[in-house]
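Any read-out appearing in this document is the output of simple, stated calculations on the displayed coordinates, not a laboratory observation. Fair warning: this is a prediction, and the values are worked out from it, not measured in the lab. Glycine gets a Cβ as well: all are built from the backbone with ideal geometry, and neighbour counts include every protein chain shown.
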């Protein structure tokens with residue numbers, strides 16, 4: 001007898017978790033609408049017009065853009081982690097974990113929590129968010145029937161508070177360092193402009209600020225504000241030394257140990273340098289040349 005053709009077994013039914021991923025990150029047409037209750041789709045249809053994208057279409061577009069970003073976004077249909085995205089440049093990692101996935105009959109409650117990490121270490125969020133999705137089977141399709149958001153803050157947890165305060169201090173340090181770096185650049189630009197109209201460089205920040213703000217028909221690209229003119233700005237102190245007809249040196253270091261970790265400096269060459277021990281003297285004598293990679297790693301900001 002001739003062999004009977006083999007028929008492929010039907011694919012397993014879609015789980016509520018798979019439906020949730022498809023709903024927000026799918027690539028097919030109407031992947032979001034597919035998992036909404038019929039009554040919800042009819043309600044949104046009343047406000048749709050053919051001339052502009054509907055609200056649901058715009059939400060679908062956001063999901064498509066997220067998945068089109070490359071290999072940094074991963075989704076898991078099983079296991080404790082639902083989604084992972086990484087930013088190698090900033091060494092940051094974001095995870096969505098499944099805290100609960102309870103299937104009872106034609107209903108499934110999925111609870112999600114969120115974690116951030118930087119340089120391999122968890123970051124303390126100011127609050128602990130949680131999203132709950134109530135999925136219900138309707139006409140053979142899992143549909144989002146209800147969603148809720150909750151957040152709690154562990155104000156009496158010493159470990160949480162220590163991590164949170166440390167994280168806030170670290171971010172403030174990065175902001176201070178970014179501002180100090182930008183301020184050094186402003187002073188270098190101002191000294192160059194000053195030297196073009198005077199026989200030498202000046203070691204007076206206030207004089208430099210006044211010259212930089214003189215009416216020239218154009219606003220200075222990097223103005224020196226009143227705080228910087230006084231030699232102190234956002235946790236850093238600034239000092240000009242060694243000024244003569246051909247030379248000057250500018251350096252900035254943290255006013256306190258908690259204000260920053262780096263010192264920054266430059267001279268008439270315009271080359272910016274830094275030292276990791278927060279000492280201006282080290283920067284001036286043996287500083288490392290500042291690069292874009294150093295800016296990204298240290299501050300998390302991009303400096304043009």
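Some values worked out for this structure:
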item: Fluctuation leader among 92, 48, 169 - the chain, Gaussian network, Cα springs under 10 angstrom; result: 48
item: C-alpha long axis of helix 55-67 to longest principal axis of the chain, angle in °; result: 70 degrees
item: Of 39, 84, 98, the one that fluctuates the most in a GNM where the chain has Cα springs shorter than 10 Å; result: 39
item: Residue with peak Gaussian network fluctuation, the chain [Cα springs, cutoff 10 Å], from 250, 96, 62; result: 62
item: Zone of residue 174's modelled label, taken as backbone nitrogen in the stretch 262-290 under 20 Å from a point 7 Å along Cα→Cβ; result: 262-264, 274-278, 290
item: Length-normalised contact order of the chain in % [C-alpha pairs under 8 Å, at least 6 apart]; result: 10 percent
item: Answer label for Cα Rg over 2.2 N^0.38 Å (calculated), chosen among (i) 1.02; (ii) 1.49; (iii) 1.15; result: (ii)
item: Rounded to 10°, Cα long-axis angle of helix 16-25 versus longest principal axis of the chain; result: 50 degrees
item: Label-to-label distance, nm, for residues given as residue 90 and residue 147 (7 Å Cα→Cβ offset); result: 2.2 nm
item: The chain - mean residue ellipticity at 222 nm from DSSP helices (-39,500 (n - 2.57) per run, n ≥ 4, rounded to 500); result: -10000 deg cm²/dmol
item: Segment residue 207-residue 277, length gained on full extension (0.36 nm per residue, minus Cα span); result: 22.2 nm
